[in-house]
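Sharing a structure with you now.
Every number in this text was worked out from the coordinates using simple rules, so none of it is lab data. Quick caveat: nothing in here was measured; it's all calculated off a predicted structure. Please note: Cβ atoms are built from the backbone with ideal geometry, for glycine as well, and neighbour counts cover all protein chains shown.
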Amino acid sequence: MNNNNISPKVDASDFNNSTSSNSSSSSNNNEIGFWRGWSIAVGCAIGSGVFMMPTLLAPYGLLGLSGWLIAGGGTLLVALSLSRLVRRIPKIGGPYAYVQAGLGTLAGFVIAWTYWIACIAAISGIAIAFVGYLGVFIPQIPESRVLSLLCALALVWTIVALNIRSLEGSSRFQVVSTLIKILPLLFMIVLGFTHMEPANLPPLNPTDLHPLALLATVTTLVMWSFVGIETATVPADNMREPEKTIPKVLIAAVLTILVIYLLVSFAIALLVPAEELMNSSAPFALAASKVMGPTGAALITLGALVSTLGSLNANTLTAGNVALAAAKDNLLPAPFKRLSASGTPQFSFVVSGLFVSGLLTLNYTKGLIAAFTFMAMLSTLSTLMAYAFCAVSEFYFLKSDQPSPERNRAIGLSLAAFLYAFFAIYGAGWEIVFYCFMLILMGMPIYALVRK
């Protein structure tokens with residue numbers, strides 16, 4: 001890609017107070033290279049989503065599995081768009097920073113607020129998934145809503161404490177957990193295709209939905225499993241040469257998870273009938289038990305638990321840094337800029353943990369699978385809004401680029417990324433869109449109070 005047409009066009013004043021802070025911290029904390037960045041993106045994306053997705057997709061038949069291809073292709077468009085933006089704005093905050101620089105403070109606040117909510121909802125959903133798989137070893141936990149809630153809260157605050165303690169410890173944990181979490185997925189792929197039962201495959205479309213409406217719905221559902229690749233753009237302050245490293249990380253992460261997701265979904269569909277998958281809170285363990293009995297279920301469950309831990313850690317890291325970035329630009333109250341002795345956004349982590357605790361407490365009344373589905377859809381929709389705004393933000397920057405074939409391709413890419421995000425938001429349904437809109441309204445008084 002020719003970088004001549006995508007050189008930074010942002011005036012220094014657009015960065016407000018954060019530029020000087022970023023440059024100073026950047027020189028001291030560049031601890032994230034390609035592999036750690038890849039582990040953040042892949043670790044955040046491969047988590048509870050893929051381990052719960054067979055249950056959520058089971059009612060939609062074989063056509064539902066094609067959602068992986070649509071979501072994967074759309075996510076690749078988003079990754080390419082973000083790659084261009086990070087070259088222009090190698091700044092902490094990821095999607096928020098790009099929108100704020102291109103569309104102004106109000107749009108920046110909306111994305112910072114909704115993206116922070118997306119991370120909080122994701123942390124809640126991942127904690128719920130962890131509890132569901134923990135039930136394979138301790139069945140009493142998922143059977144009791146009180147025990148489930150207490151386990152989820154204990155898990156969340158343990159990870160918050162790890163991120164407050166140090167970035168180094170958090171990022172090392174992320175690399176190890178990402179490598180470990182891929183192993184059970186590969187194991188399940190081998191297991192499914194060596195013990196396949198084609199008769200278990202569901203019909204093409206067992207629902208009353210029009211195929212287009214079905215594809216929109218499943219695309220939004222499976223996007224939960226792709227949401228997270230953009231987290232590699234958020235800790236830009238702590239990344240070596242972010243304008244070069246982050247684009248490589250984004251493309252590698254999308255291709256990695258797309259191939260794994262597609263293969264593992266077909267593998268499970270070949271092992272377990274759809275009617276059994278629909279009611280399972282641990283579908284991977286169920287599939288493994290079909291071939292290897294309790295031993296297989298135990299092995300897969302251990303992998304799922306490690307996977308959800310890694311995803312929880314990556315989302316917690318992102319939540320703290322997004323709030324910190326917004327506070328540096330005076331879009332969140334000043335205490336969010338407060339750092340711990342080790343330089344981590346301590347106040348942001350604690351407040352994020354409190355919000356997660358509240359969300360978990362409110363939504364455990366729905367039951368485990370229903371609560372997980374709600375959290376997943378809310379987090380996905382909030383992130384899709386960030387993707388759409390980022391695509392629009394790039395239109396602003398492209399106006400000042402010199403006319404060229406590269407610029408024309410960039411315009412087409414941004415338009416395609418925006419249309420994909422719009423399509424996936426449509427698939428979320430009116431209820432989730434309504435909740436997301438209400439959450440945006442709740443944030444507006446904060447914007448009015450902190451705006452200068």
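Which of 374, 346, 404 sits closest to the plus end of the dipole of segment 310-452, meaning its Cα is farthest towards the positive end, when Lys and Arg get +1 and Asp and Glu get -1 on the C-beta?
Selected residue: 346.
Here's something else I'd like to know. Per-residue HN-Hα couplings for segment 69-82, Karplus 6.51 cos²θ - 1.76 cosθ + 1.60 at θ = phi - 60°, whole Hz, x for Gly and Pro?
5, 5, 5, x, x, x, 5, 5, 4, 4, 4, 5, 5, 5
Turning to a different aspect of this structure: Can you run the Rg to Rh ratio on segment 88-172? Use alpha carbon positions and the Kirkwood inverse-distance Rh.
Over the Cα atoms of segment 88-172, Rg/Rh equals 1.14.
So what J values fall out for segment 143-157 if you push phi through Karplus, 6.51 cos²θ - 1.76 cosθ + 1.60 with θ = phi - 60°, rounded to Hz, Gly and Pro as x?
Listing the rounded values in order: 6, 10, 5, 5, 4, 4, 5, 5, 5, 5, 5, 4, 5, 4, 6 Hz.
A further question on this structure: Counting alpha carbon pairs within less than 8 Å and at least 6 residues apart, what relative contact order, in whole percent, applies to segment 63-164?
With pairs under 8 Å counted, the relative contact order is 13 percent.
In debye, nearest 20: dipole of segment 30-450 around its Cα centre with unit charges on the Cβ of K, R (+) and D, E (-)?
Values: 20 positive and 16 negative charges, 182 e Å.
The dipole of segment 30-450 has a size of about 880 debye.
DSSP loop (so not H, G, I, E, B), at most 15 other Cβ within 10 Å: list which trypsin sites (Lys or Arg not before Pro) in segment 232-338 pass both filters.
Here the trypsin sites (Lys or Arg not before Pro) that fit, given the DSSP loop and packing criteria, are 240, 338.
Another one. Sort out for me the Cα centre separation of segment 265-335 from segment 58-86, rounded to whole Å.
Cα centroid to Cα centroid, the span is 18 Å.
At a temperature of 25 °C and a viscosity of 0.890 mPa s, determine how fast segment 30-450 diffuses translationally according to Stokes-Einstein, using the Kirkwood radius over alpha-carbon pairs as Rh; express D in µm²/s, rounded to the nearest whole number.
Roughly 116 µm²/s, to the nearest whole number.
Which FRET efficiency, nearest 0.05, do residue 241 and residue 415 yield, Cβ-Cβ r, R0 35 Å?
0.75
Turning to a different aspect of this structure: Averaging sequence separations of C-alpha pairs under 8 Å and six or more residues apart, then dividing by the length of segment 246-313, give the relative contact order as a whole percent.
The value is 19 percent.
Return 148, 124 ranked ascending by Cβ neighbour count within 10 Å, so the fewest neighbours appear first.
148, 124
Can I ask one more? If I take R0 = 35 Å and measure r between the Cβ atoms of residue 448 and residue 399 in this structure, what FRET efficiency does the formula 1/(1 + (r/R0)^6) give, to the nearest 0.05?
0.75
Along segment 299-306, what does the Karplus equation 6.51 cos²θ - 1.76 cosθ + 1.60 (θ = phi - 60°) give for ³J(HN,Hα), rounded to whole Hz, x for Gly and Pro?
Per-residue couplings from phi come out as 5, 5, 5, 4, x, 5, 5, 5 Hz.
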